[in-house]
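**Q** Structure incoming, see below.
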């Protein structure tokens, strides 16, 4: 039997810039208010190895990310620094590792209906400059790809959020042990998921 949508989980990491800008509560509050349930949380300073493994859990990540990056440059009418997608991601990965290991991060697992897509929607697009107003990145960051290219660094966008349920599953296992994930019930789940809402007047 297929598992109910309400049990879908996603990994979220508040990156070093999110913590340094005192946005922890704001970010967590955004996911809480939509009705998602926090089932795991911890603060740590990640190692370079942990971060590199995180970004390469999917063997296709290097190629796909490189191709997306090249397309992004072309779509914006910007000069493409390198035509080989693997060479692009080799440089990108070094910048990402430097960024994510610069200070403490907060890793979290959120659970709820369509958790992956809902979190991505609330978080906003990868580039803060083009993220919609109302998203975390659109509201709290003014970074852009032009700035990161000029400065030779990774884009500072506060949060990592899993891109698909499969990616979420792999990433959660990478950052958390099974024992660190807490199964419990929230009172609000009665309102969010009870089919008939017949428990309200009991």
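**Q** For the stretch 56-65, name all the residues that are touching a residue at least 24 places away in the same chain (Cβ under 8 Å) and either under 19 Å from residue 154 (Cα atoms) or surrounded by 15 or more Cβ atoms within 10 Å (Cβ to Cβ) (or both).
**A** 56, 58, 61, 62, 63, 65
**Q** Still on this structure, I have one more. Show me the helices (runs of 4 or more DSSP H) found entirely inside the stretch 56-172 where at least 3 residues are outside the structural domain of residue 9 (by TED's automatic domain parsing) and farther than 30 Å from residue 184 by Cβ.
**A** 61-75, 85-100
**Q** State yes or no: is residue 102 touching a helix residue (DSSP H, G or I) at 6+ places or on another chain (Cβ under 8 Å), crowded, with 20+ Cβ neighbours inside 10 Å and touching a residue at least 60 places away in the same chain (Cβ under 8 Å)?
**A** Judged against the criteria, residue 102 is not a match.
**Q** Shifting gears a bit: Considering only the stretch 108-120, how many residues are farther than 11 Å from residue 163 by Cα, under 11 Å from the mean Cα position of the chain (by Cα) and surrounded by fewer than 17 Cβ atoms within 10 Å (Cβ to Cβ)?
**A** 0
**Q** How many residues does the stretch 39-55 hold that are buried (at least 17 other Cβ atoms within 10 Å of the Cβ) and either outside any helix (DSSP H, G or I) or touching a strand residue (DSSP E or B) at 6+ places or on another chain (Cβ under 7 Å) (or both)?
**A** Adding up the residues that qualify gives 3.
**Q** Residue check: is residue 185 at pLDDT below 95, within 22 Å of residue 77 (Cβ to Cβ) and assigned by TED's automatic domain parsing to the domain that holds residue 123?
**A** No.
**Q** Can you find, within the stretch 179-196, the residue that is farthest from the chain's Cα centre (by Cα) among those that are more than 24 Å from residue 42 (Cα to Cα) and exposed (fewer than 11 other Cβ atoms within 10 Å of the Cβ)?
**A** It comes out as 196.
**Q** Counting just the residues of the stretch 66-85 that are at pLDDT 90 or above and farther than 19 Å from residue 150 by Cα, which one comes out surrounded by the most Cβ atoms within 10 Å (Cβ to Cβ)?
**A** Selected residue: 85.
**Q** Inspect all residues belonging to the stretch 7-19 and state whether any of them is closer than 21 Å to residue 95 by Cβ and in a loop (DSSP other than H, G, I, E, B).
**A** yes
**Q** Specify which of the listed residues (174, 160) is loosely packed, with under 15 Cβ neighbours inside 10 Å and within 23 Å of residue 92 (Cα to Cα).
**A** None of the others qualify; the one that does is 174.
**Q** Right, here's the next one. From the list 35, 29, 18, which residue is surrounded by fewer than 16 Cβ atoms within 10 Å (Cβ to Cβ), in the same structural domain as residue 110 (by TED's automatic domain parsing) and modelled with pLDDT of 95 or more?
**A** Every option except 29 fails the conditions.
The values are calculated or read from the model by the stated rules, or taken from the named source; none is laboratory data. No experiment lies behind these values; they were computed from the predicted model shown. All Cβ positions, even for glycine, are placed from backbone atoms using ideal geometry, and neighbour counts span all protein chains on display.
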